[in-house]
Amino acid sequence: MAYLNSHYLKLKAGYLFPEIGRRVKAFTDTHPEAAARLIRCGIGDVTEPLPAAVREAMHRAVDELGSSATFRGYGPEQGYEFLRRAIAENDYRSRGLEVADEEIFVSDGSKCDCGNILDIFGDANRIAVMDPVYPVYVDTNVMAGHTGEADESGLYSGLVYLPCNAANGFVPEIPKERVDLVYLCYPNNPTGATATRAQLTAWVEYALENDAVILFDAAYEAYIQDPSIPHSIYEIPGARRCAIEFRSFSKNGGFTGVRCAFTVVPKELTCLDNSGNRHALHPLWNRRFSTKFNGVGYVTQRAAEAVYSADGKAQVAELVAHYMGNAQVLREAAGECGLQTHGGTNAPYIWVRCPGHLSSWQMFDRMLEEAHVVITPGSGFGPAGEGFFRISAFNSRANVQEVAHRMKNICWTKE
Ligand code: MLT
């Protein structure tokens, strides 16, 4: 007899984005006339073409694979040296941050890394997540057996939820209790908030005092416009001893379909084993990588390297400016409708309060049925997201202007 992983049975409904897809399909199946008008501002998926520098690098890499003199089979599991160096040099060392090439682990996505990292942590950790939260952090802990059951509101026992709301600027207060692992995501998905240097410093100090590890998701760092906002947790003194950072090429280079990301595990970062002996995490993650992963494809890694070329940097800056322009159009449109907005100034997400007493899913239905626009219900990110919805700025300018126009045509006072 084979037994399943019964922790999966604790998971609530489907993963958020497939669930949205299911509801949208049910609507368009019964309203075929709406299908052609539908504009998707739900999942944060890029829409604009890959930068020319990236495409050219991919073509060159494909040609290399087409010749026996330059063909490559398995690469290093952790990533080719050319890419690890380009990342460490451009994202860290050129900004005065000490990160060695071998501390970079190239992967196929930050979502995967955020889930996989749990392999190297024990079961006894007290885990803190923000609420609202990117659902992957919670669901992967449920799958790993780190939680109990969820209650009616969707909160899992065993997790420490850190409320994020307008009053705290969507940056959680430092907990009074001890936690061992804490997920922080800045610029934040879903709220679009950023954390200041002082706020991140407080978290690093907390982690160092409590021997905790911060799992810092910086997938949206390219969208930071305010020069005072840190792009990396390693800008904070001491963070190399207490933080792992996740970064992605999805949202800057437009790699959501290409798939490439990386994780930084500093060599100084240590944890205790069950007997209280201290070990570095870097060799464990390296071991995990080389056992369960065979590396990202050569063509993709050359594509990622091209993001750091002079042309690549300029083209990525244009992409970011395009999406941030969209964010401004959407934020202003929501504001003109009398809706309270957050985010959208250093992140490609606008976090909007639902009007009246509408719940997040009621708002989702109204936007779908009346405007034929797909948004993401805030409650899908956790109970503290109830009463909010998220609009993604990843779209063409024409679509975003059309969304703005349709939003203004909805009668927001109707409930
Ligand atoms: C989102 O819409 O929250 C993101 O696209 C999810 C992701 O990047 O995996």
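The values are calculated or read from the model by the stated rules, or taken from the named source; none is laboratory data. Every value quoted in this text rests on a predicted model; they were computed, and no experiment measured them. Methodologically, a virtual Cβ is constructed for each residue, glycine included, from the backbone with ideal geometry; neighbour enumeration extends over all protein chains shown. We work out accessible area using only protein heavy atoms, side chains counted, and drop any ligands, DNA or RNA first. Shrake-Rupley method; radii C 1.70, N 1.55, O 1.52, S 1.80 Å.
Worth pointing out:
- Residue within the range 67-76 that is part of a helix (DSSP H, G or I) and farther than 30 Å from Met407 by Cα present: no
- Against the list (1) buried (at least 22 other Cβ atoms within 10 Å of the Cβ); (2) at pLDDT below 95, the condition Glu152 fails is (1).
- Residue in the range 54-72 that is out of contact with any Cys (no Cβ under 6 Å at 6 or more places or on another chain), modelled with pLDDT of 95 or more and under 22 Å from Asn395 (Cα atoms) present: yes
- Scanning the range 8-25 for residues that are open to solvent by less than 90 Å² (accessible area, probe 1.4 Å), away from the ligand (no atom under 16 Å from the Cβ) and not in a helix (DSSP H, G or I) turns up just one, Leu11.
- Residue that is surrounded by the fewest Cβ atoms within 10 Å (Cβ to Cβ), among those in the range 356-411 that are of a type in the set (Ser, Thr, Tyr) and away from the ligand (no atom under 16 Å from the Cβ): Ser396
- Contacts under 8 angstrom Cβ, first residue in the range 16-29 being closer than 12 Å to Arg40 by Cβ and of a type in the set (Val, Ile, Thr), partner in a helix (DSSP H, G or I) and within 13 Å of the ligand (Cβ to nearest atom), 6 or more apart: Ile20/Gly380
- Selection status of Thr28, open to solvent by 50 Å² or more (accessible area, probe 1.4 Å) and either under 30 Å from Leu368 (Cα atoms) or in a loop (DSSP other than H, G, I, E, B) (or both): no
- Residue in the range 249-265 that is away from the ligand (no atom under 16 Å from the Cβ) and surrounded by 15 or more Cβ atoms within 10 Å (Cβ to Cβ) present: yes
- Residue that is farthest from the ligand (Cβ to nearest atom) [pool: residues in the range 32-46 that are out of contact with any strand residue (DSSP E or B) (no Cβ under 6 Å at 6 or more places or on another chain) and charged (D, E, K, R)]: Glu33
- Tally, over the range 172-210, of residues that are in a loop (DSSP other than H, G, I, E, B), away from the ligand (no atom under 16 Å from the Cβ) and touching a Ser or Thr at 6+ places or on another chain (Cβ under 8 Å): 1
- Only one of the numbered conditions (1) closer than 20 Å to Lys111 by Cα; (2) away from the ligand (no atom under 14 Å from the Cβ); (3) in contact with a Phe, Trp or Tyr (Cβ under 7 Å, 6 or more places away or on another chain) is violated by Val213, and that is (3).
- Residues of the range 217-247 classified as within 16 Å of the ligand (Cβ to nearest atom) and farther than 22 Å from Ala128 by Cβ, total: 2
- Residues in the range 291-304 include none that are in contact with a helix residue (DSSP H, G or I) (Cβ under 7 Å, 6 or more places away or on another chain), touching a residue at least 24 places away in the same chain (Cβ under 8 Å) and assigned to a loop (DSSP other than H, G, I, E, B).
- Ala53 vs. criteria touching a Gly at 6+ places or on another chain (Cβ under 7 Å) and either more than 16 Å from the ligand (Cβ to nearest atom) or of a type in the set (Ser, Thr, Tyr) (or both): yes
- Ser110 fulfils the conditions (1) of a type in the set (S, T, N, Q); (2) within 16 Å of the ligand (Cβ to nearest atom); (3) out of contact with any Ser or Thr (no Cβ under 7 Å at 6 or more places or on another chain) except for a single criterion, (3).
For every residue, the table says whether it meets (1) open to solvent by less than 30 Å² (accessible area, probe 1.4 Å); (2) in contact with a Lys or Arg (Cβ under 8 Å, 6 or more places away or on another chain); (3) in the same structural domain as Val299 (by TED's automatic domain parsing); (4) under 30 Å from Gly378 (Cα atoms).
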residue: Ser6; (1), (2), (3), (4): no, no, no, yes
residue: Gly44; (1), (2), (3), (4): yes, yes, no, yes
residue: Arg60; (1), (2), (3), (4): no, yes, yes, no
residue: Gly66; (1), (2), (3), (4): no, no, yes, no
residue: Arg95; (1), (2), (3), (4): no, no, yes, no
residue: Ser107; (1), (2), (3), (4): yes, no, yes, yes
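- Any hit, the range 310-324, residues being in the same structural domain as Thr191 (by TED's automatic domain parsing), open to solvent by less than 40 Å² (accessible area, probe 1.4 Å) and within 16 Å of the ligand (Cβ to nearest atom): no
- Within the range 113-138, the set of residues being of a type outside the set (A, V, I, L, M), within 16 Å of the ligand (Cβ to nearest atom) and not in a helix (DSSP H, G or I) comprises Asp131, Pro132, Tyr134.
- Residue check for Phe389: in a loop (DSSP other than H, G, I, E, B) and closer than 20 Å to Ile39 by Cα: no
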